[in-house]
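A short write-up of the structure that comes next.
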Amino acid sequence: MLIALGVCGGIGAYKAVEVARGLQKRGHDVITVMTQSAARFVGPITFEAITRRRVITNQFDPGVNADIEHISVASSIDLLLIAPATANIIGKIANGIADDALSTLFVATRAPVLVAPAMNTQMFANEAVRRNLDTLVSRGVRFVEPGEGYLACGWIGKGRLAESDEIVAAAEAMLRPQGPLRGLRLLVTAGPTFEDVDPVRYIGNRSSGRMGFAIAGEAARRGAAVTLVAGPTSVEPPPVADVVRVRSAAEMHQAVLAMADEQQVVIMAAAVADYAPVERQAQKMTKDNESLTIVLKKTPDILGELGQRRIATGGGPLLVGFAAETEDVVRRASAKREQKHVDLIVANDVSRADAGFDVDTNAVTFVGPEGTETLPLQSKTRVASAILDRVEKLFVERAAERPAKAGHYDGR
Ligand code: CTP
């Protein structure tokens, strides 16, 4: 495979030499694209000697435009890997700025992009940088998270470029032929539901939709035809085949049930309201009384109904549910798995400040047919990847147990 390795000016630039070597050892061809400041940390000759290819440092070198280089490289690469990626390049590519060879290549290529950020801890935590990272995630850019530890600038914290073998492994994972999800129809629900009380008030919850969005984005990258049924949230959904916007549990119920039969996998990551007001007031309620009682009724259990359908028909999509718990997590999640007849429950302790609602990280336990497995705290993108690894495994096992009932041969 042909990989463009973008190198930016940071102390981690020396590790990019190891990355180039690692990729070559695994049989890939590497074209190095260095920013002007990267060339102050490591000489282009070093990369040239290793990759045996001319290193691109300037888009305006004489001769380069005879074969508009960034365009021909852009259309021939299988992956653009930027390691180390500074706050500067992250800001540029998140905003479509193309003012040097590397940022122009990013704008010009349709190849998948993998970014390994490296910067000072404070810079990594800066709100503008976080926003740029969010923008890139929502556009399908993948990341190799920086490590924690002693930084060259003397700080201790998160920001150090990931180790070169970790970057090489992540690049290889992106290049590997797509697995069992390719071509499958997969429906994901995400976000909260809002249950209207009157024209201006509603009962909602703190779900941001990030976990479900991460799953939908990752499933699309693995080649699934993804339908995302999203509740009201301000987070940008990932680019997937179909996004259906809903507001209430009743609307989500209707949307999911209408499409479930066409799906091979349904993942219910939404935080569906369990109760909704019996009546929505037509006019804004006034504060005439000292106390107020709003009568609520149970909403339909969407996942529970899908499980019931499965029992009734003996078929249907593979079902994955979430269990948001504040205590006794595994026992309660196992009970939900049995009650709702689902294949896999992803349980999370939402009482933790660093996991669950409205944060970028999650700590989950899988409760599946083979028992339980707890994952360490990690980004929702990585948790999404782990969930889909499980789904792929379950899907393959299920397909082996239940051979297709009838085939269609359309070639006659
Ligand atoms: N769920 C659903 N429909 C509902 C409520 C929940 O499909 N009306 C789904 C959620 O999307 C999740 C799973 O069921 O995948 C479990 O949700 P959770 O809120 O943890 O559990 P509940 O079934 O609502 O039970 P309880 O609130 O009593 O813990």
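Relative to the longest principal axis of the chain, what angle (0 to 90°, nearest 10) does the C-alpha long axis of helix 164-175 take?
Tilt of helix 164-175: around 60 degrees.
Just by accessible area at a 1.4 angstrom probe, what is the order of Ile294, Ile45 from largest to smallest?
Ile45, Ile294
Got a number for carbon plus sulfur as a percent of the chain's accessible area, 1.4 Å probe?
50
Can you work out the FRET efficiency for the pair Lys25 and Ser76, with r the C-beta to C-beta distance and R0 = 35 Å, to the nearest 0.05?
About 0.95, to the nearest 0.05.
What is the packing order of peptides 391-400, 219-228, 186-195, 369-378, taking the mean over residues of other C-beta atoms within 10 Å and listing the highest first?
Ranking, from highest mean packing down: 186-195, 219-228, 391-400, 369-378.
Please work out how much accessible surface Asp196 shows to a 1.4 Å probe, ignoring ligands, DNA and RNA, in Å² rounded to 10.
That residue has around 40 Å² of solvent-accessible surface.
If you count only protein heavy atoms with a 1.4 Å probe, what accessible area per residue comes out for segment 137-267, rounded to a whole Å²?
With all protein chains present, segment 137-267 gives 43 Å² per residue.
Report the FRET efficiency, 1/(1 + (r/R0)^6), for Asn95 and Leu292, where r is their Cβ-Cβ distance and R0 is 60 Å, rounded to 0.05.
Given R0 = 60 Å and the Cβ-Cβ separation, E is 0.80.
Per residue of segment 292-309, in order, report the coupling 6.51 cos²θ - 1.76 cosθ + 1.60 (Karplus, θ = phi - 60°) as ³J(HN,Hα) in whole Hz, putting x for Gly and Pro.
Taking θ as phi minus 60°, the curve returns 9, 10, 10, 8, 10, 10, 4, 8, x, 7, 4, 5, x, 5, 5, x, 5, 4 Hz for segment 292-309.
Using helices alone, what [θ] at 222 nm do you get for the chain, with -39,500 (n - 2.57) per DSSP H run of 4 or more residues, divided over all residues and rounded to the nearest 500?
-10500 deg cm²/dmol
For the pair Gln339/Ala169, report the inter-label distance in nm, with labels modelled 7 Å from Cα in the Cβ direction.
The answer from the label model is 3.8 nm.
Given an 8 Å cut-off on Cα distances and at least 6 residues of separation, report the relative contact order of the chain as a percent.
10
Given +1 on the Cβ of Lys and Arg, -1 on the Cβ of Asp and Glu, and no further charges, what dipole in debye does segment 2-175 carry about its Cα centre, rounded to the nearest 20?
Details: 16 positive and 17 negative charges, 19 e Å.
For segment 2-175, the charge dipole is close to 100 debye.
Going by average Cβ neighbours within 10 Å, how do the peptides 84-92, 2-10, 202-210 rank, with the highest at the top?
Going from most to least packed, we get 2-10, 84-92, 202-210.
Between Lys284 and Arg131, what is the label-to-label distance in nm when each label sits 7 Å out along the Cα-to-Cβ direction?
3.0
Apply the Karplus parameterisation 6.51 cos²θ - 1.76 cosθ + 1.60, with θ equal to phi minus 60°, to every residue of segment 123-138 and state each ³J(HN,Hα) to the nearest whole Hz, in sequence, with x for glycine and proline.
5, 5, 8, 4, 4, 5, 5, 4, 5, 5, 5, 4, 4, 5, 4, 5
If packing is taken as the mean number of other Cβ atoms within 10 Å per residue, what is the order of 325-332, 286-293, highest first?
On the way: 325-332: 14.4, 286-293: 6.4.
By packing density, highest mean first, the sequence is 325-332, 286-293.
With θ set to phi - 60° and the Karplus curve 6.51 cos²θ - 1.76 cosθ + 1.60, what are the ³J(HN,Hα) couplings of segment 202-218 in order, to the nearest whole Hz, using x for Gly and Pro?
3J(HN,Hα) across segment 202-218, in whole Hz: 8, 9, x, 8, 7, 4, 9, x, 4, 5, x, 5, 4, 5, 4, x, 5.
Arg201 label point, 7 Å along Cα→Cβ, cut-off 16 Å on backbone N: hits in segment 268-304?
Residues passing the 16 Å test: 276-297.
If you count the DSSP beta bridges with both ends in segment 2-175, what percent of them are antiparallel, to the nearest 5?
20
What is the calculated FRET efficiency for Thr326 to Arg53, with r their C-beta to C-beta distance and R₀ = 41 Å, to the nearest 0.05?
Working: r = 55 Å, r/R0 = 1.35.
It comes out at approximately 0.15.
The values are calculated or read from the model by the stated rules, or taken from the named source; none is laboratory data. Worth saying up front: this structure is predicted, and the values here are computed from it rather than measured. Ideal geometry is used to build each Cβ from the backbone, glycine not excepted, and the neighbour counts take in all protein chains shown. Keep in mind that these areas ignore ligands, DNA and RNA; they rest on the heavy atoms of the full protein, side chains included. Shrake-Rupley method; radii C 1.70, N 1.55, O 1.52, S 1.80 Å.
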